[in-house]
Amino acid sequence: FKTKPGGAVERLTDTPGYDAEATVCGKDGSIVFTSVRDGDIEMYRMDKDGKNVKRLTFTPGYDGGAFFNHDCSKLVWRASRPKPGKELEDYQGLLKQGLVRPSKLELIVANGDGSDARQVTNLKAASFAPFFFPKRDRIIFSSNFGDPKGHEFDLWAINTDGTALERITYTKGFDGFPMFSPD
């Protein structure tokens, strides 16, 4: 949806099911979003008017929660990659019911068109809400990495090449959804 002058709302997609987790490129207004339109939870990019929808991801599993870097040339998102066999079959069975159960989410970085996608983390934890540092090849994110019970979420940072993992917060409770102001 986008807001028109006067406050009216215009729907930009008409896919049955899940079209969500959208973020906007500050440079050209294009939108990256998550959808089940092709039968899996994949990421797409479209123009700000909802036209020219392009699929960005093609690997079975959950891809979502993407954000652009400062110039919209890169994307970062969370992904779950079920192993072939029972794990993938379980994922696909839940998906057919409109459900997901991703407990292990890793971070992926790619070019703004989805090319050159590569996994940044290998924490075997629930890592999500990744956001680029301003004008740097570094990402801040929330994760339960380091908590044996998996309940405590703190903020972490990592370089886009997977080096220099750094814990940022140490507080009890949920630390999540970190973002930098555009200025």
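Every read-out reported here was derived from the displayed coordinates using simple, explicitly stated rules and does not represent laboratory data. Keep in mind that what you see is a predicted model, and the values were worked out from it rather than measured. Don't worry about glycine lacking a Cβ; one is built from the backbone with ideal geometry, like all the others, and counts go over all protein chains shown.
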- Query: Which ³J(HN,Hα) values, rounded to whole Hz and listed in residue order, are derived for the stretch 24-29 from phi using the Karplus coefficients 6.51, -1.76 and 1.60 in 6.51 cos²θ - 1.76 cosθ + 1.60 with θ = phi - 60°, glycine and proline given as x?
  - Reply: 10, 6, x, 7, 10, x
- Message: Counting only other residues whose beta carbon sits under 9 Å from that of A126, what net charge do I get with K and R as +1, D and E as -1?
- Response: +2
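Would you please calculate the Kirkwood hydrodynamic radius of the stretch 123-164 over all C-alpha pairs and express it in Å, rounded to one decimal?
10.7 Å
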- Length gained, S103-V9, 0.36 nm per residue minus C-alpha separation, equals 30.4 nm
- Given the pairs K54/K124; K51/K96; K83/K124; K27/K54; K48/K83, which span a C-alpha to C-alpha distance of over 25 angstrom in this model? K54/K124; K51/K96; K48/K83
- Item | Label of the coordinate-derived value, Cα extents along the principal axes in Å, listed as (1) 74, 41, 26; (2) 64, 36, 27; (3) 48, 45, 32 | (3)
- Query: When only Cα pairs under 8 Å and 6 or more residues apart are kept, what is the percent relative contact order across the chain?
  - Reply: 13 percent
- Relative contact order, percent, of the stretch 16-123 when contacts are C-alpha pairs under 8 Å separated by at least 6 residues? 19 percent
- Task: Could you tell me, in Å, what Rg and Dmax come out for the Cα atoms of the stretch 94-145?
- Result: 13.1, 41
- Query: For the stretch 127-183, what relative contact order do you get, as a whole percent, if you take Cα pairs closer than 8 Å and at least 6 residues apart?
  - Reply: 34 percent
- Which value at 222 nm does the chain reach when only helices count, each DSSP H run of 4 or more adding -39,500 (n - 2.57), with the total divided by all residues and rounded to the nearest 500 deg cm²/dmol? -2000 deg cm²/dmol
